[in-house]
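Colleague: The following block contains the structure, expressed as structure tokens.
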Amino acid sequence: MVKNTEVNLSAIARDLKKAASDAVVIGVGQGTDGPFLLENPLTAKSVEALADSLKVLGITGAPDQAVRLPGLPETGSGILVLAGVGKVDAGGKVSGEGLRRAAGSAVRQLAGLSSVTLAFPTATIADVAAIAEGAALGAYSFTEFRSSKDGLKDPVANVAIFTELAGDKDLNAALDRARLLGKAVNATRSLVNQPPSHLYPESFADAAKDLSKGLPVKVTVWDEKRLEKEGFGGIMGVGKGSARQPRLVKVEYSPAKATRKIALVGKGITFDTGGISIKPALGMGDMKSDMAGAAVVLNTVLAIAGLGLPVKATAWLCIAENMPSGAASRPADVLTMFGGKTVEVLNTDAEGRLVMADGIVAASQEYPDAIIDVATLTGAQLIALGNRTAGIMGADSVTGPLKAAADRAGELVWPMPLPDELRPSLDSQVADLANIGERHGGMMTAAVFLREFVGKDKGGQTIPWAHIDIAGPSFNNGAPYGYTPKQGTGCTVRTLVAYVEDLLA
């Protein structure tokens, strides 16, 4: 169902002509004395001529700047591209994220070409990996609902990375990882970009099965009858107002040599009208992206399986469509959640936490080493942290490593507290708790609600847990930047994969 875009990645050394690509890209940095060319494979004569022309050509080295020039005979390509990497320190060293963004931006802007050679500085395998990852993320498009391709450009299909490390024994593994991460992120983007006419609970479950084909994972689907029978009151309470009934999807990767066990829970509201507490019409179309958390955890587990990491990883996709109808939940209704706790629904537009609570309880019953939930949960996240930075909350033993993993992956997250005084605001007069509480700091209040459903381990201790609110960074309404396109961004997949790798390390 979901059409994905993948790029072929390779590495070459020495002779640029052997790549025979449509364009060669070299980097330009912003130094204290102005723009300058980064280390590249061009001849000294060419470098001198280009360096003298940077200011005349208006080349600043700013991020996302990609200036096309006629190719040079020594490159064997018809186009030479000077790509900005942003500010560079006195030693000329570009960070991994700087390389990742510059490569992704160049590949994104060179859509329409078949092949591109990236000739950025590569002192280490990590540098090559960052460039490859950026290229894989930049080579993305979403055109499956276009009746004509007139005026549209296909993403770059082949990327060669020029590096003296081309013969290194660790390089192929780095390129394979970059390709798999790019595939996982791009699949997440494509799920988020699907219109709600095509992505709804049943079709989302089918998409999970399709994307899992060929991987050593097991997919289990709860339909509305099984959800009702087994007491998933949160998912059913949110989804029963729609003609398209809810689903719970469990995706398990269980390698024989697993040394750790993690559970990932994702919010999968395929469209959110707000229910009876209906949203304003303006901007409601963006609510097709309210299932981004479920797309993230699905593709994270598939990436972990593709990489063959020795960890048992389980994704719980809590999927429903939040619609107003005669069957929909009303404000003041009480739902009995999976596990038995009761919740008074004071606002049907605070629905994500209801489906997530069921998923967290289900995940807890398998006693994982950690539970991480991912959700486009609150508008308060955007108010607190803006459009590009996710909020992470929960146990320090999980949020600390998550922040470190995000830093390594080049994704923006920020730890937020869970103040004790927020819990009383969730008290209900008729049920165990209410689904809304203190309005100020609403991102944290929502996390405090979710924390109520985290279970105990076999020793009676609360399972380590973290919540990631991606309401802002999961969907880009602005212009493309770096390796990030418009609409679905695929954020957090790379952070979660890096988190698992760090656990194993």
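Colleague: Could you check the range 175-210 and list, in sequence order, the residues that are in contact with a strand residue (DSSP E or B) (Cβ under 9 Å, 6 or more places away or on another chain) and among the hydrophobic types (A, V, I, L, M, F, W, C)?
Modeller: Leu175, Ala178, Leu191, Val192, Leu199, Phe204, Ala205, Ala208
Colleague: Can you tell me which condition Ser212 does not meet? The list is (1) closer than 17 Å to Gly266 by Cβ; (2) touching a Gly at 6+ places or on another chain (Cβ under 9 Å), and all the others hold.
Modeller: Status for Ser212: all satisfied but (2).
Colleague: Filtering the range 248-259 down to residues that are in a loop (DSSP other than H, G, I, E, B) and either among the basic types (Lys, Arg) or without any contact (Cβ under 8 Å) to a residue 40 or more places away in the chain (or both), which residue is farthest from Val221 (Cα to Cα)?
Modeller: My answer is Lys257.
Colleague: Look through Val448, Val413 and report the one residue that is of a type outside the set (Phe, Trp, Tyr), closer than 23 Å to Leu99 by Cα and in contact with a helix residue (DSSP H, G or I) (Cβ under 7 Å, 6 or more places away or on another chain).
Modeller: Going through Val448, Val413 in turn, the sole match is Val413.
Colleague: At least 1 residues that are under 27 Å from Thr484 (Cα atoms), modelled with pLDDT of 95 or more and assigned by TED's automatic domain parsing to the domain that holds Gly410 in each: list the strands (runs of 3 or more DSSP E) lying fully within the range 28-98 that qualify.
Modeller: So the answer is none; nothing clears 1.
Colleague: Within the range 467-499, how many residues turn out to be β-branched (Val, Ile, Thr) and either assigned by TED's automatic domain parsing to the domain that holds Gly27 or closer than 13 Å to Asn299 by Cβ (or both)?
Modeller: Number satisfying all stated conditions: 5.
Colleague: Then there's this: Taking the range 248-257 as the region of interest, how many residues are surrounded by fewer than 15 Cβ atoms within 10 Å (Cβ to Cβ) and either modelled with pLDDT under 95 or of a type in the set (A, V, I, L, M) (or both)? Even if it seems obvious, please write down each step before you answer.
Modeller: Keep residues of the range 248-257 that are surrounded by fewer than 15 Cβ atoms within 10 Å (Cβ to Cβ), which gives 254, 256-257.
The next check asks that each one be either modelled with pLDDT under 95 or of a type in the set (A, V, I, L, M) (or both); those that pass are 256-257.
Residues in the range 248-257 being surrounded by fewer than 15 Cβ atoms within 10 Å (Cβ to Cβ) and either modelled with pLDDT under 95 or of a type in the set (A, V, I, L, M) (or both): 2 in total.
Colleague: Counting only residues that are touching a strand residue (DSSP E or B) at 6+ places or on another chain (Cβ under 9 Å) and of a type outside the set (A, V, I, L, M, F, W, C), which one in the range 365-382 is farthest from Gly455 (Cα to Cα)?
Modeller: Gln381
Colleague: What is the one condition in (1) touching a Gly at 6+ places or on another chain (Cβ under 9 Å); (2) in contact (Cβ under 8 Å) with a residue 40 or more places away in the chain; (3) not polar (S, T, N, Q) that Lys486 does not satisfy?
Modeller: All conditions pass for Lys486, except number (2).
Colleague: Return yes when Asp420 is more than 24 Å from the chain's Cα centre (by Cα), under 21 Å from Val265 (Cα atoms) and of a type outside the set (A, V, I, L, M) and no when it is not.
Modeller: Here the answer is no, as Asp420 does not meet what is asked.
Colleague: Thr143 passes all but one of (1) within 21 Å of the chain's Cα centre (by Cα); (2) surrounded by 20 or more Cβ atoms within 10 Å (Cβ to Cβ); (3) more than 21 Å from Ser95 (Cα to Cα); (4) among the β-branched types (Val, Ile, Thr); which number fails?
Modeller: In the conditions (1) within 21 Å of the chain's Cα centre (by Cα); (2) surrounded by 20 or more Cβ atoms within 10 Å (Cβ to Cβ); (3) more than 21 Å from Ser95 (Cα to Cα); (4) among the β-branched types (Val, Ile, Thr), Thr143 misses (2) alone.
Colleague: Given the criteria within 26 Å of the chain's Cα centre (by Cα), on the phi > 0 side of the Ramachandran plot and not acidic (Asp, Glu), does Gly386 qualify?
Modeller: yes
Colleague: Looking at the range 260-268, can you tell me whether even one residue there is basic (Lys, Arg), without any contact (Cβ under 8 Å) to a residue 60 or more places away in the chain, assigned by TED's automatic domain parsing to the domain that holds Asn477 and outside any helix (DSSP H, G or I)?
Modeller: no
Colleague: Now, a different point. So which residues in the range 315-337 are buried (at least 17 other Cβ atoms within 10 Å of the Cβ) and more than 16 Å from Asp358 (Cβ to Cβ)? Give the derivation first.
Modeller: In the first step, residues of the range 315-337 are kept if they are buried (at least 17 other Cβ atoms within 10 Å of the Cβ); the result is 315-324, 328-329, 335-337.
Of everything in the range 315-337, those that are buried (at least 17 other Cβ atoms within 10 Å of the Cβ) and more than 16 Å from Asp358 (Cβ to Cβ) turn out to be Met323, Pro324, Ala328.
Colleague: Of the residues Gly151, Gly167, only one is surrounded by fewer than 24 Cβ atoms within 10 Å (Cβ to Cβ), touching a residue at least 60 places away in the same chain (Cβ under 8 Å), of a type in the set (Gly, Ala, Ser) and farther than 20 Å from Ser190 by Cα; which?
Modeller: Of the residues listed, the single one that is surrounded by fewer than 24 Cβ atoms within 10 Å (Cβ to Cβ), touching a residue at least 60 places away in the same chain (Cβ under 8 Å), of a type in the set (Gly, Ala, Ser) and farther than 20 Å from Ser190 by Cα is Gly167.
Colleague: Condition (residue is surrounded by 21 or more Cβ atoms within 10 Å (Cβ to Cβ), polar (S, T, N, Q) and farther than 15 Å from Ala23 by Cβ) applied to the range 123-138: is it met by at least one residue?
Modeller: Going through the range 123-138, the residues surrounded by 21 or more Cβ atoms within 10 Å (Cβ to Cβ) turn out to be 127-138.
Restricting the remaining residues to those that are polar (S, T, N, Q) gives none.
So far as the range 123-138 goes, no, none of its residues is surrounded by 21 or more Cβ atoms within 10 Å (Cβ to Cβ), polar (S, T, N, Q) and farther than 15 Å from Ala23 by Cβ.
Colleague: Of all residues being over 17 Å from Tyr499 (Cα atoms) and touching a strand residue (DSSP E or B) at 6+ places or on another chain (Cβ under 6 Å) in the range 390-421, which is surrounded by the fewest Cβ atoms within 10 Å (Cβ to Cβ)? Just the residue, please. Don't jump to the end; show me each part of the working.
Modeller: Within the range 390-421, the first condition is being over 17 Å from Tyr499 (Cα atoms), and the residues that meet it are 416-421.
In the following step, the residues that additionally are touching a strand residue (DSSP E or B) at 6+ places or on another chain (Cβ under 6 Å) were identified as 416, 418.
Working: Met416: 21, Leu418: 17.
Only one residue fits best here, namely Leu418.
Colleague: On to the next question. Here are some conditions: (1) closer than 30 Å to Ala498 by Cα; (2) buried (at least 24 other Cβ atoms within 10 Å of the Cβ); (3) in contact with an Asp or Glu (Cβ under 7 Å, 6 or more places away or on another chain). Gly293 meets all but one. Which one does it not meet?
Modeller: (3)
Colleague: Can you pull out the residues in the range 448-505 that are in a helix (DSSP H, G or I), closer than 24 Å to Arg388 by Cβ and either within 18 Å of the chain's Cα centre (by Cα) or of a type outside the set (A, V, I, L, M) (or both)?
Modeller: Scanning the range 448-505 gives Val493, Arg494, Thr495, Leu496, Val497, Ala498, Tyr499, Val500, Glu501, Asp502.
Colleague: Right, another one. Which of the following residues is surrounded by 16 or more Cβ atoms within 10 Å (Cβ to Cβ) and touching a residue at least 24 places away in the same chain (Cβ under 8 Å): Gly78, Gly86, Gly92? I'd like the intermediate steps shown before the answer.
Modeller: Details: Gly78 fails: surrounded by 16 or more Cβ atoms within 10 Å (Cβ to Cβ); Gly92 fails: surrounded by 16 or more Cβ atoms within 10 Å (Cβ to Cβ).
Matching residue, one of Gly78, Gly86, Gly92: Gly86.
Colleague: For the subset of the range 341-370 comprising residues that are under 28 Å from Tyr253 (Cα atoms) and either outside the structural domain of Pro464 (by TED's automatic domain parsing) or β-branched (Val, Ile, Thr) (or both), which member is farthest from the chain's Cα centre (by Cα)?
Modeller: Checking each candidate, the answer is Val361.
Colleague: Hey, another quick one. Which of the residues that make up the range 1-27 are assigned to a helix (DSSP H, G or I) and either among the hydrophobic types (A, V, I, L, M, F, W, C) or touching a helix residue (DSSP H, G or I) at 6+ places or on another chain (Cβ under 9 Å) (or both)?
Modeller: Hit for the range 1-27 is Leu16, nothing else.
The values are calculated or read from the model by the stated rules, or taken from the named source; none is laboratory data. Predicted model, so just to flag it, every value in this text is computed and none were measured. Every residue, glycine as well, gets a Cβ built from its backbone with ideal geometry; the counts of neighbours run over all protein chains shown.
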